[in-house]
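Contents: one structure, followed by commentary.
The values are calculated or read from the model by the stated rules, or taken from the named source; none is laboratory data. Just so it is clear, the structure is predicted and the values come from calculations on it, not from any experiment. When we count neighbours, we look across all protein chains shown, and the Cβ atoms used for this are built from the backbone with ideal geometry, even at glycine. Only protein heavy atoms, including side chains, enter the accessible area calculation; ligands, DNA and RNA are left aside. Shrake-Rupley method; radii C 1.70, N 1.55, O 1.52, S 1.80 Å.
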Amino acid sequence: SPAELETARSDVLAALGPAAFVDICATVASFNAVVKIADGTGIPLEDDKATRTHDLRTELGINALRQSD
């Protein structure tokens with residue numbers, strides 16, 4: 001929930017300080033970006049992710065896009 005997230009952020013900030021908090025946020029953001037770039041380049045979708053996103057991909061028409069061999 002948003003309240004739990006805010007509490008977690010405050011706890012981490014208090015425990016590590018502002019500089020470490022910014023470093024952690026940057027690290028998380030970098031990993032998030034790398035995953036999106038990897039997915040966008042055509043790296044095969046993991047079976048678990050394919051199962052969890054099947055309906056959304058069908059709704060968006062992604063499953064109908066041409067796949068390379």
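Among the residues making up the stretch 15-35, those that are surrounded by 10 or more Cβ atoms within 10 Å (Cβ to Cβ) and either among the charged types (D, E, K, R) or over 20 Å from the mean Cα position of the chain (by Cα) (or both) are LEU16, GLY17, ALA20, ASP23. Residue-level analysis places THR51 outside the set of residues that are open to solvent by less than 90 Å² (accessible area, probe 1.4 Å) and either free of Cβ contacts under 8 Å to residues at least 24 places away in the same chain or of a type in the set (S, T, N, Q) (or both).
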